[in-house]
Amino acid sequence: MLPWFFIVLIVVMWVLALYFTARSFRALGAHPTDQSNTPRQDVARADLLLRKQALLEALHDLDRDMEENKLDPKDHAEERARLREETKQIMRALDAQLAPYQPEVDRLLTQVPES
Amino acid sequence: MSVALFSAFLNVSSWVDVPTLGTWTLCGVLVLTAHAFSLSVMAGRGRPHLLTSARLATLATCALVAVALFLLAYAFQTHDFRIRYVARYSDRSMPWYYLVTSLWGGQDGSLLWWSFLLCGWTTACVLWMRNRFLALQPWVLATLMAILAFFVILMLWSANPFALSWSAEVPADGDGLNPLLQNYWMTIHPPTLYMGFIGWSIPFAFAMAALFTGRLHEEWLHACRRWVLAVWLFLSCGLLLGALWSYEELGWGGYWAWDPVENASFMPWLVGTAFLHSMMVQERYAMLKVWNLFLICLTFFMTIFGTFLTRAGLISSVHSFAKSDIGVYFVGFMAVIIVACMALILWRLPKLKSDNRIESMVSREFAFLLNNWILLAMMGFVLILTTFPLITEFFQGEQVTVGPPVYNRWMVPFGIVLLVLSGIGPLMAWRRATQSHLLRAFLKPSLMGLGVGLLHFFAGPTVGLPGWVASSSIYETATGDVLAAIASAFPMMCTAGCAFVLATIFQEFWRGIRARVRNTATRGQPESLPTAMVRLIGKSRRRYGGYIVHVGIVCMYLGFTGAAYDIENEAALLPGETMNVADYTIRYDRPRMATDGAKHMAFADLTLLKGAAPSSLRTLGTLAPAKFVYRTHPDMPTTEVDIRSRLFDDVYAILSTIDPKTRRATIRVVVRPLVMWIWLGGLILILGTVIAMSPTVQEVLARNSKRAPPRNMSAAKGVAASTIILFAAFLSPALARAQDTSSLHAGSVSVHTEDERVLFERTLCMCGDCARLTLATCGCSWAEDKRQHLRQAMARGSSVQELLKQYREEHGVGSLSVPSDEGLSRALWAAPIGGGILALGGLLWVGRRWTRRRKASDATSESSFTPATGDPGDTGDPSDTGDPDAYDQQLDRELEG
């Protein structure tokens, strides 16, 4: 019985290997400018979002350390201000990236019928 | 006719030549690997549209590796003895599950198994990345494919698992798997350990991708955070399962022997643990960028180095594979890794400058650096001790092996420092902690540690667990005396350290819960203590999961302490006779013989009774230690121990000899306190790690609201499944004992006096076959003769030192497990200790320099900064002009969410 189990696995894996190879070669034919076959290149935005997440975590940690009396209030306020400012800058940058699309968003919003 | 044709069709081997197909499949894997690698590199070098093709080619490669592995598994199940590897590691009497474990029982198959697991990790990573980390993806794939290519080349050129047998005639039966490997643990321990070993390829690939692309900020750390935790979990479990295997199956009574192969898996764990801590610093404050890259490269390098140690046959080990010529390939691969990592880091050095610096030496960042220092010092020490035979062979022309006594002595101080540091870290705040807070935070845990230490010292002897135990000196020098003193105080220091760490963790939980209860009450939504605790952990899973892991480590330390209180006894008994060990009585009831298709078994049925006086005996259960003789390996009788595990002690029974004619059995019983706590600690460690790596409910819900629910739920399911598997692995010793088991150390050794123990632990078996075993553990006939000879010499009045000297003169420098504290041997400890002290000095110097800079910048900015009033809602933001802008409000909302 068990040999057959492995035969089934072998056949399934062969089929998968052939399928992925064929698709890999088919994907090679995509034109460099064909966006349907190219993952979205929103790398810069992803960077900003990651940094923002790290800063939010740092702010959470900082507040928790303060709540647990681990920090001097002056140090806490100074560090909090610095982290907040950096986070706000990133938020501004994120919004700035979306700014060109804002008129279109506003236009579409006006077309949404009020319920 | 049609039935005959159908039967012939079912017999796949008759129309498919498995060895040829397997070899060609491996060739196909190599071609596909090259294809995926080239596409990945091209995608990374300005042709992003090729990434999809590269991902698909990678998946195809992984599928083809699976084909190769399943072909070999099929060959084992059908006993295709044309294949050399199958003939060598299986026989017709083996059950199907041992035929499966034979896949990784030898060199060639384990390389294919390695490749298969690497492909498993790679597939998971490719599916997980999808449209994320697009800039890193091509180089991650390229790195993984390059690693895979190395192993495939190795198989095709030097260790093909599908190679045909040397002889023209196909053998009727195979040699059979070594009896030592025919046990339950072989099905779970090696795969888990391999998963932990190979998995480091994923974080390493992300690091390489970061270096190639120059995207060296937190992105790559964010990408590999959960992978690192998962891999670390597997490696930790692999090590613990190895210890459990050693303890339950090998029959020598211990769980860790500092064998080179054990060390090979321990070293990446040490560096990986250091990375796990220091990556948090970079994620938070964009510091230690070079350091983190160095650590992850070193971790990956140590996994390859460990594999090299295991497989090249350079160092004697009871676990080693047969000697082979693949060592030279590994040397080449390691050289490539070193050159590539160094070149890339040097190339990117200008981009790797930290955005911030450590502001204070009294901060969590600095505590993490100290933790890194001690972990790396331990790694360096283990590395030098493990490779000492090679070092001495190079300088002195003779291999000098370092035995467990040296490791056990030197690792004690390191272990204690590491334990205390794991308690200090959580007490520190990020950036800089205040002096008044530190005093407050340290007071109660320190008092707790001190109190428990003193209690142990004074009250311990009354319950048979003294805080101070007598220890012999391993060197006849002052160093030896200092080490002996530390080892003597180890139980007391360990319990004090454990109490300190537990108190700090409890304090952290309590403060967090109290603050949460206070805050929720202020908002008018008060939470009960249990609710607050659950939500606190849920909100900061990484932090509190980490604390739970530390609780697990503390439990393990308690378990290690128990080794100081082992009590053992050995007696030759006739049925009905009894023996006493500690406050247990063991009655030998009867011998019992049994046989199955594969082996003959001789059991000694014992009854375990509580109490030493006959009037107060209470039956606890039965034990049945045994000797097995396998049909295929009659010259390798194995010792099967039986253990009754309880929370406070284990009763460990070993059958030394049994005479079927007289029915007399020689039985050795060891009572080992607190061992259960090691495995309990392992379970807590798993729980903590899973909490730390699990996604939040919000994350899962947020992802589920997007388009691909199956994938998102599969992440949570994957975590749940791996947790269940690992828990099951740990909770299965009872099942394990029901399986056929075997011993690596054939036979058991009786030790009658403390002097005998010291002497046998420091002398190695020099028969030529028993790699690195001391006379205290080796059961071969040469070792038994030698023990008798040494016992007679001791009876004639010779001292241990005289006998050690004689033994050394007789068998050479390499015959002692503790190198003398002189000449090059002194470098054994002086080099790592010196290096460690220098590194610590450097660390303190850098810390002070950074702290001074911070103070200087504080002084200049003091006048311009207005301290906040202390209101948590007040941002104190110097750039704010008064009216909080929309971003302030948005930020507040996000912080509350």
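The values are calculated or read from the model by the stated rules, or taken from the named source; none is laboratory data. As the structure is a prediction and not an experimental result, all values here were calculated from the model. Note that each Cβ is placed from the backbone with ideal geometry, even for glycine, and that neighbours are counted across all protein chains shown. Accessible surface areas use protein heavy atoms only, side chains included; no ligands, DNA or RNA. Shrake-Rupley method; radii C 1.70, N 1.55, O 1.52, S 1.80 Å.
Details
- In nm, spacing of pseudo-spin labels at B:Arg663 and B:Ala831 (7 Å Cα→C-beta vector): 5.9
- For segment B:756-815, the per residue solvent-accessible surface stands at 47 Å², with DNA, RNA and ligands left out and a 1.4 Å probe.
- Stretch gain in nm, segment B:Thr753-B:His789, where the contour uses 0.36 nm per residue and the Cα spacing is subtracted: 11.4 nm
- Length gained when the stretch B:Thr20-B:Glu169 is fully extended (0.36 nm per residue, less Cα-Cα span): 51.9 nm
- Rounded Å value of the spacing that divides the Cα centres of segment B:131-162 and segment B:658-683: 45
- Spatial separation of Cα centroids for segment B:511-571 and segment B:612-656, in angstrom: 36
- Highest-first arrangement of B:393-406, B:254-267, where packing means the average Cβ count within 10 Å: B:254-267, B:393-406
- Gain on full extension, evaluated as 0.36 nm per residue between B:Ala478 and B:Arg226 minus their Cα-Cα distance, stands at 86.1 nm.
- For the pair B:Leu127 and A:Asp95, a Förster radius of 41 Å applied to the C-beta separation gives a FRET efficiency near 0.80, rounded to the nearest 0.05.
- Exposed trypsin sites (Lys or Arg not before Pro) absent - longest run of chain B, DSSP non-H/G/I/E/B, at most 15 other C-beta within 10 Å: B:133-322
- Burial of 40 Å² or greater, segment B:281-300 residues [accessible area, probe 1.4 Å, versus chain by itself]: B:Arg284, B:Tyr285
- Average accessible area per residue (Å²) across segment B:17-177 - probe 1.4 Å, nucleic acids and ligands excluded: 32
- Ranking A:Asp47, B:Asp566 from most to least accessible surface, computed with a 1.4 Å probe over the protein chains only, gives B:Asp566, A:Asp47.
- Entries of A:Lys70/B:Lys289; A:Lys52/B:Lys444; A:Lys70/B:Lys539; B:Lys627/B:Lys805 with Cα pairs more than 29 Å apart: A:Lys52/B:Lys444; B:Lys627/B:Lys805
- Per residue of peptide B:61-68, the mean number of Cβ atoms on other chains within 10 Å of the residue Cβ is 6.
- Residue among A:Ile90, A:Ala58, A:Leu71 farthest towards the positive dipole end of segment A:56-98, charges placed on Cβ: A:Ile90
- Carbon/sulfur fraction of accessible area - the protein assembly as shown, other protein chains in place, 1.4 Å, %: 64
- Accessible area buried, both sides summed, chains B and A with 1.4 Å probe, Å²: 6500
- Separation between Cα centres of segment B:385-436 and segment B:193-263, rounded to whole Å: 19
- Peptide B:426-433 is shielded by partner chain Cβ atoms: per residue, an average of 6 of them sit within 10 Å of its Cβ.
- Over chain B, relative contact order from alpha-carbon pairs under 8 Å, at least 6 apart, %: 11
- Shielding by partners, peptide A:90-99 (average Cβ within 10 angstrom, other chains): 1
- Site pair B:Met342 and B:Glu577 shows an inter-label distance of 6.5 nm when each label is modelled 7 Å from Cα along Cα→Cβ.
- Computed on protein heavy atoms with a 1.4 Å probe, the accessible areas place B:Met693, B:Met448 in the order B:Met448, B:Met693, largest first.
- Each label point was placed 7 Å from the Cα along the Cα-to-Cβ direction; for B:Ala34 and B:Ser93 their separation is 4.7 nm.
- Tensor-based shape of chain B (alpha-carbon gyration tensor, a/c under 1.5 rounded, otherwise prolate or oblate): oblate
- Burial order of peptide ranges B:481-494, B:186-199 (average beta-carbon count within 10 Å, highest first): B:186-199, B:481-494
- Neighbourhood charge, 12 Å Cβ-Cβ cut-off, centred on B:Trp166 and excluding it, Lys, Arg +1 and Asp, Glu -1: +2
- Residues B:Trp291, B:Trp114, ordered by accessible area of protein heavy atoms at a 1.4 angstrom probe radius and largest first, appear as B:Trp291, B:Trp114.
- Calculated [θ] (222 nm, deg cm²/dmol) that DSSP helices of n ≥ 4 give over chain B, each run adding -39,500 (n - 2.57): -21000 deg cm²/dmol
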